[in-house]
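Below is one structure; the comments refer to it alone.
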Amino acid sequence: MAPTRMTLGSLGLILALAVLLLGCGVKSAPLPATQVAPPPPVDLAARAVENGVEVSFTVPTADSSDKQVVEARLHYAYLPKEGDPDCPPCPPRLRHYYELNLAKKMGRLEGGRFIYLDTKVPMDNQAVYQVNLVDARGRAGVVSGLARALRVGLPAVPQGLVAELGDRQVDLSWKPVDTLENGQPTSDKIGYIMYRKEGGLPPRALNERPMSQTGLLDRSVAPGQTYAYQVAAARIIGSYLVVGRPSPWIEASARSLQPPSPPTGLVGASLADGIYLRFTPSPQQDIAGYNIMRATAKEGPWTQINPVLNRDNTFVDKDVKVGATYYYRVVAVNDGGLTSQPSEVIEVRQQP
């Protein structure tokens with residue numbers, strides 16, 4: 001009988017273990033911290049500004065509150081222009097970092113980008129940065145790639161920016177810059193970056209790399225559209241680009257020096273309150289309106305019957321007599337005041 005008791009006891013132990021496992025659930029291996037911590041920013045950037053170096057990166061969005069990024073650890077090193085004195089070509093070693101609490105306004109958020117002004121960078125030094133993010137549960141992600149900036153005196157603000165309007169183009173020019181903001185002369189190579197904004201969109205640079213000339217011909221404009229321009233000077237020091245403060249904005253409205261196309265498809269109908277006219281508008285974007293011309297003979301003379309520029313493609317001529325025949329044609333006018341050739345002529349009789 002002893003073997004039977006041992007077998008039953010073993011069976012009971014097995015059942016107890018099974019119940020325990022079912023009650024707790026089978027746990028899978030925990031995810032590594034690097035798979036649940038915030039990912040590193042891929043767009044870390046740094047640039048010299050008037051009071052230091054501005055560092056910026058995009059803060060990732062989170063699908064739950066515990067994954068929300070609450071802190072950024074900004075690793076930094078301040079080195080001479082030439083690099084690490086012990087090993088200039090070696091990658092910099094960032095031994096220190098600033099703890100930036102995103103909720104305590106230690107920087108600012110603009111359109112999802114966190115921007116921090118580092119005022120501790122010594123003048124004539126390069127600042128090197130990496131960043132890793134920490135979420136609400138204290139999980140720290142891996143560090144990002146490097147971003148560098150050279151803090152030196154900014155070039156002076158370009159003066160005398162003017163815009164001359166041409167045929168579907170804007171010709172921009174300004175005075176050359178050869179000093180810093182503090183008035184000291186500079187022997188560095190100076191380039192220029194032109195910015196443009198339009199229609200409520202954010203400003204964008206028209207040239208990817210600084211240009212050496214003090215002028216730019218913008219042919220990527222649409223007639224009738226108003227644009228705003230500003231230009232900034234940049235010091236080119238080795239591989240570093242130090243961009244100064246831009247000039248004030250100036251506005252320019254693009255125009256066409258070519259007359260517009262005439263309207264087409266002019267038709268008319270006699271109605272109780274007058275003669276109704278309709279036509280297909282001219283295709284150009286800079287059309288300011290239309291003038292409606294009338295005559296009592298096909299060869300003219302022609303008289304403009306709209307007191308102000310007609311902005312629609314319809315018009316009702318109420319100054320007509322029953323039984324009389326009238327001739328009509330339409331002329332387009334663009335924003336520059338140029339007029340098109342007249343449309344085709346139509347004949348309409350005002351019916352009783």
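Brief remarks on what is shown
- Search result, residues across the range 251-273 that are surrounded by 15 or more Cβ atoms within 10 Å (Cβ to Cβ) and assigned to a strand (DSSP E or B): Ala252, Ser253, Arg255, Leu266, Gly268, Ser270
- Any hit, the range 101-108, residues being within 21 Å of Ile237 (Cβ to Cβ), outside any strand (DSSP E or B) and in the same structural domain as Ala62 (by TED's automatic domain parsing): no
- Residues within the range 310-326 that are surrounded by 16 or more Cβ atoms within 10 Å (Cβ to Cβ) and either small (Gly, Ala, Ser) or over 23 Å from Thr264 (Cβ atoms) (or both), tallied: 1
- In the range 208-243, the residues that are at pLDDT 95 or above, in a loop (DSSP other than H, G, I, E, B) and either within 21 Å of the chain's Cα centre (by Cα) or closer than 13 Å to Leu161 by Cβ (or both): Pro210, Thr214
- Exactly one residue among Pro283, Pro259 is free of Cβ contacts under 8 Å to residues at least 24 places away in the same chain, not basic (Lys, Arg) and not assigned by TED's automatic domain parsing to the domain that holds Gly199, and that residue is Pro283.
- Any chance Gln184 is among the polar types (S, T, N, Q), touching a residue at least 60 places away in the same chain (Cβ under 8 Å) and outside the structural domain of Asp63 (by TED's automatic domain parsing): no
- Residue that is farthest from the chain's Cα centre (by Cα) [pool: residues in the range 66-90 that are touching a residue at least 40 places away in the same chain (Cβ under 8 Å) and in a loop (DSSP other than H, G, I, E, B)]: Gly83
- Matching option when the condition is under 23 Å from Gly337 (Cβ atoms) and touching a Gly at 6+ places or on another chain (Cβ under 7 Å), among Arg294, Arg219, Arg311: Arg311
- Check on Gln341, touching a strand residue (DSSP E or B) at 6+ places or on another chain (Cβ under 9 Å), free of Cβ contacts under 8 Å to residues at least 24 places away in the same chain and more than 25 Å from Gly199 (Cα to Cα): no
- Restricting Val231, Val157, Val142 to those that are of a type in the set (A, V, I, L, M), in the same structural domain as Pro40 (by TED's automatic domain parsing) and touching a Ser or Thr at 6+ places or on another chain (Cβ under 8 Å) reduces the list to Val142.
The values are calculated or read from the model by the stated rules, or taken from the named source; none is laboratory data. This one's a predicted model, so the numbers in the text were calculated from it and none came from an experiment. Reconstructed Cβ throughout: ideal geometry from the backbone, glycine too, with neighbour counts over all protein chains shown.
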